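> Dropping a structure here in structure tokens format, bear with me for questions.
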Amino acid sequence: MKFSKIQPSYTSKDGCRLVWKGIDEDDQHVVILNKAELEQLVEIMKENSSGKIDLEDQVSTIFINSDVTQFNLKNNRYLEAKTTELQKQVLEYAKIPHQPQYVFISTKEFYPSITIRKDDAPQETSDKKSKQQSLLQAILSSGPQKTKKEPSESDLFRIFSTRRSTRRFDKTKVEDWMVDKILAAADTAPTAGNFQGFKVFYIKNKKTKEALVEAANNQPYVNAPVVLVFCMDPLRVKMDFSPEILDKFSLQDATLAAAYSQLAASGIGLSSIWIGMIDEEKVKSILGTDLRPSSILCIGYPEKRKPPKSRRKLKELIQVVE
Ligand SMILES: Cc1cc2nc3c(=O)[nH]c(=O)nc-3n(C[C@H](O)[C@H](O)[C@H](O)COP(=O)(O)O)c2cc1C
């Protein structure tokens, strides 16, 4: 596989993406460098020297040798590039500041289903020839509409595609308006019969947080700046179904609400970790409630912003039933 290009990375602002040919938008063939890693690479390339760069995932390493640059990546992935080719492109790239480009979420052809929109791609012009085309031909041959619109900070797809869990939180206080938004988001989630069969415990008390760490298999990050415990409340679900179904509904209600909160947190620049490994009885007794907890959402500013984790190919995820 041949190294192809270097371009701005959306997920690591001020960093870059190194892309290998035949990429097919599959991030198996992309290496994302953060700002510091890119700077190290530029330095080594400027000096024409060899060197080693450890990437922030603490597993991947780049070895720069005079002939070949090797990328030993996590999950036993390996990529290489001719050092002269890489050097040429990296040094060119470093000359000018780069803006991260638009993220385009496509349907299921791509993996991950995010690609950098080639916004400077030539657009169809309405020359004589195209005017002569039939309307149908014009529709069939038209490309995506060029848009000048920046994806907004709150663009839902941007939030989906950039969210990444964190287990190391910064000490910065999360402001009250942020917590309000996160809780309001939970309240917008759909619920079975709109009975809202869940309840959220917003834990401010330090001792209670510490007790929850223990109830969550001693996962220390449960002691986060913002801790929300999502509980099932099946008695709220006034539907004429068996208790098992009502339990199931309330579990789904609580889960969905937590997911909405998690996305809301990402949307306002926070990060979170979802905790499912909990001792339900201990959590109930700590909170003094009979309601079964379904998850704990721990939220705060991440110590380090990381790119999202990769997923399996969409075609493996989806089975089309025709
Ligand atoms: C149902 C569920 C239970 C989880 N339980 C835990 C947990 O107890 N502890 C933890 O550290 N992470 C937990 N996670 C977080 C996942 O490990 C994490 O979401 C996953 O590795 C994907 O990473 P991402 O969120 O950055 O995409 C849980 C996530 C889910 C959805």
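> What about Tyr301, is it within 19 Å of Asp170 (Cα to Cα), aromatic (Phe, Trp, Tyr) and within 13 Å of the ligand (Cβ to nearest atom)?
no
> Please work out if Gln319 is of a type in the set (S, T, N, Q) and within 15 Å of the ligand (Cβ to nearest atom). Steps first, please.
Values: of a type in the set (S, T, N, Q): yes; within 15 Å of the ligand (Cβ to nearest atom): no.
Considered against the rule, which asks whether it is of a type in the set (S, T, N, Q) and within 15 Å of the ligand (Cβ to nearest atom), Gln319 comes out as no.
> Let me ask you something else. Which residue, of Ile286, Ile245, Ile278, is farther than 28 Å from Lys74 by Cβ, within 12 Å of the ligand (Cβ to nearest atom) and hydrophobic (A, V, I, L, M, F, W, C)?
Just one listed residue meets the conditions, Ile278.
> Kindly check whether there is at least one residue in the range 289-297 that is within 14 Å of the ligand (Cβ to nearest atom) and out of contact with any strand residue (DSSP E or B) (no Cβ under 7 Å at 6 or more places or on another chain).
no
> Return the total of residues in the range 43-95 being more than 18 Å from Val19 (Cα to Cα) and assigned to a helix (DSSP H, G or I).
5
> Can you list residue pairs whose Cβ atoms sit under 7 Å apart, with the first residue in the range 68-93 being in the same structural domain as Gln7 (by TED's automatic domain parsing) and over 15 Å from Glu37 (Cβ atoms) and the second being exposed (fewer than 14 other Cβ atoms within 10 Å of the Cβ) and of a type in the set (Ser, Thr, Tyr)? Count only pairs 6 or more apart in sequence or on different chains.
The qualifying pairs are Thr83/Ser66.
> Taking Leu183, is it at pLDDT 95 or above and away from the ligand (no atom under 16 Å from the Cβ)?
Details: at pLDDT 95 or above: yes; away from the ligand (no atom under 16 Å from the Cβ): yes.
Taking the combined requirement at face value, the residue satisfies it.
> If you scan the range 173-209, which residues turn out to be assigned to a helix (DSSP H, G or I), over 16 Å from Glu281 (Cα atoms) and not hydrophobic (A, V, I, L, M, F, W, C)?
Within the range 173-209, the subset assigned to a helix (DSSP H, G or I) is 176-188, 192-194, 206-209.
Cutting the leftovers down to over 16 Å from Glu281 (Cα atoms) gives us 176-188, 192-194, 206-207.
Scanning the range 173-209 gives Asp176, Asp180, Lys181, Asp187, Thr188, Gly193, Asn194, Lys206, Lys207.
> Same structure again: Mind checking whether some residue in the range 282-291 is touching a Cys at 6+ places or on another chain (Cβ under 6 Å), assigned to a strand (DSSP E or B) and closer than 26 Å to Phe195 by Cβ?
No: zero hits.
> Being in contact (Cβ under 8 Å) with a residue 60 or more places away in the chain and over 22 Å from the mean Cα position of the chain (by Cα) is the filter here, so list the residues in the range 231-275 that pass it.
Cys231, Met232, Gln252, Asp253
> For the range 173-230, give me the residue count where each residue is closer than 18 Å to Ile273 by Cβ and in contact with a strand residue (DSSP E or B) (Cβ under 7 Å, 6 or more places away or on another chain).
Residues in the range 173-230 being closer than 18 Å to Ile273 by Cβ and in contact with a strand residue (DSSP E or B) (Cβ under 7 Å, 6 or more places away or on another chain): 22 in total.
> In the range 181-226, what count of residues is obtained for those that are within 24 Å of Leu246 (Cα to Cα) and hydrophobic (A, V, I, L, M, F, W, C)?
Total satisfying the criteria: 10.
The values are calculated or read from the model by the stated rules, or taken from the named source; none is laboratory data. Because the structure is predicted, anything quoted here is derived from the model rather than measured. Cβ coordinates were reconstructed from backbone atoms using ideal geometry, including for glycine residues, and neighbour counts include every protein chain displayed.
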